[in-house]
Ligand SMILES: [Zn+2]
């Protein structure tokens, strides 16, 4: 096979390989978790934390309530137990009981308020969790699709790498050096086919002498306009 043909086959694989590597990079970029998932996760965690804090507040209040209740009962027992007969002392106990009951009443109001806030907090948390689950499901499906694409891209790249290596093994070091240099300077396109007497690389109409040279199996012929290796159709 003329060298230009082999180089053209190599170029096709190199171009495909470049495109696949770009796709591979794009997939890796697209696999980074987006802000929407991170935000939903933060919102759900914050709702859970706020609810937990309210539940702790309620539990603390319940404990305080029990303590106050026990204290009131014990003071009442003292007051009505018959052991205290001193009026001043009895008045003191009555005041203490009143003060404890005021604290209890205030505590009850606070607990009602907290219970109401817990109900709201539970609703907020449920909404945030459901939204997070929905966003995560959608994201996971997207990720699964990307992984599938990545596997296909990597499999094709692996087989292309073998083909490229095999083709390069068939080409002389001198021709490969020319090809590689042109590929670098001509945006990945070192070899141009001749289509309707035109160089496919720069579209110039080629002189007959260039076309005749390209038809010879060797040496390599070049477009006098753009310098690419010519491949006779
Ligand atoms: Zn050209």
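Coordinate-derived values only; no laboratory data. Not measured: the values here are computed from a predicted model. Glycine gets a Cβ as well: all are built from the backbone with ideal geometry, and neighbour counts include every protein chain shown.
Segment 180-197 and segment 128-157 have Cα centres separated by 38 Å.
Segment 1-47 and segment 88-108 have Cα centres lying 74 Å from one another.
Here the label points at residue 32 and residue 5, each 7 Å from Cα along the C-beta direction, are separated by 4.7 nm in the simple model.
As a calculated quantity, the FRET efficiency between residue 146 and residue 39 at R0 = 25 Å, using C-beta atoms, amounts to about 0.75.
Comparing 101, 131, 186 in a Gaussian network model of the chain where C-alpha atoms under 10 Å apart are linked, the largest mean-square fluctuation is found at 101. If you sort the three axes of the alpha carbon gyration tensor as a ≥ b ≥ c, you get a/c of 1.5 or more for segment 114-168 and a/b above b/c, which makes it prolate. Shape class for segment 31-169: prolate, because the ratio a/c of the largest to smallest gyration tensor axis (alpha-carbon atoms, square roots of eigenvalues) is 1.5 or more and a/b beats b/c.
If you take the C-alpha gyration tensor of the chain, multiply each eigenvalue by 5 and take the square root, what semi-axes do you get, largest first, in whole Å? Kindly include the intermediate steps, with their values, before the conclusion.
Details: eigenvalues 1659, 42, 30 Å².
They are 91, 15, 12 Å, listed largest first.
Place a label point 7 angstrom from the Cα of residue 108 along the Cα-to-Cβ direction, then list the residues of segment 70-98 whose backbone nitrogen is under 16 Å away. Residues 70-73, 97-98 fall inside that zone.
In this rough spin-label picture, where each label sits 7 Å from Cα along the Cβ direction, the residue 19-residue 73 distance is 8.3 nm. Shape class of segment 173-231 from the Cα gyration tensor (axes a ≥ b ≥ c, square roots of the eigenvalues): oblate, since a/c reaches 1.5 or more and a/b does not exceed b/c. Each stretch of four or more DSSP H residues adds -39500 (n - 2.57); spread over every residue of the chain, this sum gives -28000 deg cm²/dmol at 222 nm.
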